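These notes are about the structure you will find just below.
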Amino acid sequence: MSSVAENVNDARVVLEVSGLVKRFPIKGGLVRHEIGQVHAVEDVSFVVHEGETFSIVGESGCGKSTTGKCVLRLIEPTSGSVKLDGKEFTTLTGEDLTRERRKMTLIFQDPYSSLNPRMTVGDIIAEPIDIAGIYATREERDARVEQIMEEVGLDLAFKNRYPHEFSGGQRQRIGIARAIVMQPELVICDEPVSALDVSVQAKVINLLKQLQREMGLAYVFISHDLSVVKHISDTVMVMYLGHEMELASKEELFGNPLHPYTKALLDVIPRIRSERVQDKRILEGDVPSPTNPPSGCCFHTRCPFATDRCKSEVPAKHEVTPGHFCSCHLYDN
């Protein structure tokens, strides 16, 4: 098993995403020709190191799940680069794609619908290794399944039971076991605790952190819950309407947020002071449609600091302090 570097930025780069774009065509008319596009992801770039948890946060519909699916090539990106271990992943085909894809896996949001109700727990966990055919005998395969069940805290007596017999937290442990059985390098966690009770969320988050320490896993953790993100992350990227707004270490982002949108998101987290909850400042206005995004900065329609320049010119990505990036005209030099 790999060990995690003391500083994740000193560790090996597992994933490098550059200029990622995903636009979905909108078709209409009698001949179903393209009449528009959904701008789901626009020019997103980031790096994930071995043993790092890289979180993507934002409101619903901001493009964070689409980003994860493009990385996995569950949907094909419109343009951009996705490098896995330094190899371009977007151009791979056939056996090369199959081999490299084994290095990445996905934990789904809903532990109820993501498990086949007709399969036993043992068969669900074994499904990836059965497809890959990496074990010569049934005994080797079953031994691997039992090893993983123990690592995620599942009783071996559950092996021949079915998903409907388990709670949401137990089902998510089954999903996690299935995700790591092939010993991947990168796990995309798409809202993995949002469907669980708060008391269960902490246990699942602690399990993910434990597995990361033991296996050197890199996580891309997708969530709208900033309190969960603060607990698990090393690095955080904030997205809005498909665009990257801010990217920084967890400590920098929560301690010194720069972008007006990031500040607004953090303002809605309850903070207890003098035994009462602080007033919350809620973002005004609705998120614009991704089929007709605003010109210039995509956040200018809701930003209290917007100027005429914001309405016409897309802000560049600035490294305001070392490792802390912000896409906002407030930080133009």
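Derivation of every value follows stated rules applied to the coordinates shown; laboratory data play no part. Please read all numbers here as calculations on a predicted model, not as lab measurements. We place every Cβ from the backbone using ideal geometry, glycine too, and count neighbours over all the protein chains shown.
Summed over the stretch 196-227, residues that are part of a helix (DSSP H, G or I), touching a strand residue (DSSP E or B) at 6+ places or on another chain (Cβ under 8 Å) and among the hydrophobic types (A, V, I, L, M, F, W, C) total 2. Being in contact with an Asp or Glu (Cβ under 9 Å, 6 or more places away or on another chain), surrounded by fewer than 19 Cβ atoms within 10 Å (Cβ to Cβ) and of a type outside the set (V, I, T) holds for only one residue in F108, F158, and it is F158.
Of all residues in the stretch 29-55, those satisfying the criterion of being buried (at least 17 other Cβ atoms within 10 Å of the Cβ) and not hydrophobic (A, V, I, L, M, F, W, C) are H39, E42, H49, E50, G51, E52, T53, S55.
Every condition in (1) assigned to a strand (DSSP E or B); (2) in contact with an Asp or Glu (Cβ under 9 Å, 6 or more places away or on another chain); (3) farther than 23 Å from L217 by Cα; (4) not acidic (D, E) is met by V48 except one, and the failing one is (3). Applying the condition of being in contact with a strand residue (DSSP E or B) (Cβ under 7 Å, 6 or more places away or on another chain) and among the aromatic types (F, W, Y) to the stretch 294-333 and asking which residue is surrounded by the most Cβ atoms within 10 Å (Cβ to Cβ) yields F299. Applying the condition of being surrounded by fewer than 23 Cβ atoms within 10 Å (Cβ to Cβ) and of a type in the set (A, V, I, L, M, F, W, C) to the stretch 212-236 and asking which residue is nearest to L15 (Cα to Cα) yields M215.
Out of the residues in the stretch 59-81 meeting the condition of being among the hydrophobic types (A, V, I, L, M, F, W, C) and under 14 Å from the mean Cα position of the chain (by Cα), tell me which one is nearest to T291 (Cα to Cα). Give the steps one after another, and end with the answer.
So in the stretch 59-81, the residues among the hydrophobic types (A, V, I, L, M, F, W, C) come out as 62, 70-72, 74-75.
Imposing the further condition that a residue be under 14 Å from the mean Cα position of the chain (by Cα) reduces the set to 62, 70-72, 74.
Numbers: C62: 12, C70: 19, V71: 22, L72: 24, L74: 22 Å.
My answer is C62.
When restricted to residues that are in contact with a Gly (Cβ under 9 Å, 6 or more places away or on another chain) and in a loop (DSSP other than H, G, I, E, B), the stretch 307-325 contains 3.
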